[in-house]
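I have placed the structure first, in the form of structure tokens, so that the comments after it can refer back to it.
The values are calculated or read from the model by the stated rules, or taken from the named source; none is laboratory data. Values in this document were obtained by computation on a predicted structure and should not be read as measured data. With ideal geometry, Cβ positions are generated from the backbone for all residues, glycine too; neighbour counts draw on all protein chains shown.
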Amino acid sequence: MRAPGVVHHGTRRRRAAYRRAVWSGAEVLVTVGVVLLLLVAHQLWWTNRQARHGAERKVQALEREWGTPAPGSADPDASAASGAGGGEADDGKNGAGQPAGRRSSSGSGGGDSARQPRWSQAYAVLGIPRLSLRVPVAEGVSKAGVLNKGYVGHYKGTQQPGQAGNFALAGHRNTHGEPFRYLPRLRRGDTITVETKAAVYTYTVDRTLPQTSARDVGVIRPVPRSTVRPSYGYTQPGYYITLTTCTPEYTSRYRMAVWGKLASMRPR
């Protein structure tokens, strides 16, 4: 007869193996947790720090290249003789089917006459006083070459600053400098400046599309108008700027757009 309380060696071995398995599983979970925390810290803190620093240096480099630092914003009330404006009237129509407002003093069409920027080249500075933002604008919207550097990207095929049509831009809302994180704070009448080697263009925020499909290409067409939500947008040619970013925060499922109209142009 087996004595009470006696545990066979096999039972002890099974218990020891069970404890080792539980301990090893706990170590794996802790390791995975630490790795995930590091990845989150890298995405939400380090990429922002790195990209913002790089973007600030690029802004400074552009200003040195242009010779003199430009102010953070231009005078939106510049006279018609020195301004290039446009866009449709508040009711969306001007009767003549032409952009309402002022034409560029530099000639028909107006806008920056510099040669087409190279792919991923930073060639302008976007300023948004309400957001205390000054960030480089680069050609293209690739993540590796433009957006992940903390820059704002210019959609290839859309117009350049000051030109008739739509100067359309994209930027990250979260991580990698997140220049457009606070884009929803913009209100009608806020100013947006675009500085190039040739001139400073001032746009006035006019309309906002809070949410649309990521495939809604209508928002960046020459006459911007949502193809998903047609009540948002314009019907007449003009001088527009479009700012796009992901929404809601920390997702890329949808897009939002902020539209503005050119109010003035000041040569450097």
From the residues in region 140-162 that are out of contact with any helix residue (DSSP H, G or I) (no Cβ under 8 Å at 6 or more places or on another chain) and crowded, with 22+ Cβ neighbours inside 10 Å, which one is farthest from A61 (Cα to Cα)?
G162
If I filter region 156-167 for residues that are hydrophobic (A, V, I, L, M, F, W, C) and modelled with pLDDT of 90 or more, do I get at least one hit?
yes
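Picking from R130, R134, R188, which residue would you name as being buried (at least 18 other Cβ atoms within 10 Å of the Cβ) and basic (K, R)?
Details: R130 fails: buried (at least 18 other Cβ atoms within 10 Å of the Cβ); R188 fails: buried (at least 18 other Cβ atoms within 10 Å of the Cβ).
Going through R130, R134, R188 in turn, just one is buried (at least 18 other Cβ atoms within 10 Å of the Cβ) and basic (K, R): R134.
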Regarding G218, is this residue in contact with a Phe, Trp or Tyr (Cβ under 6 Å, 6 or more places away or on another chain) and either among the polar types (S, T, N, Q) or at negative phi (or both)?
no
Looking at region 124-212, what strands (runs of 3 or more DSSP E) fall wholly within it and have at least 1 residues that are touching a Ser or Thr at 6+ places or on another chain (Cβ under 6 Å) and closer than 24 Å to W66 by Cα?
133-139, 165-170, 191-195
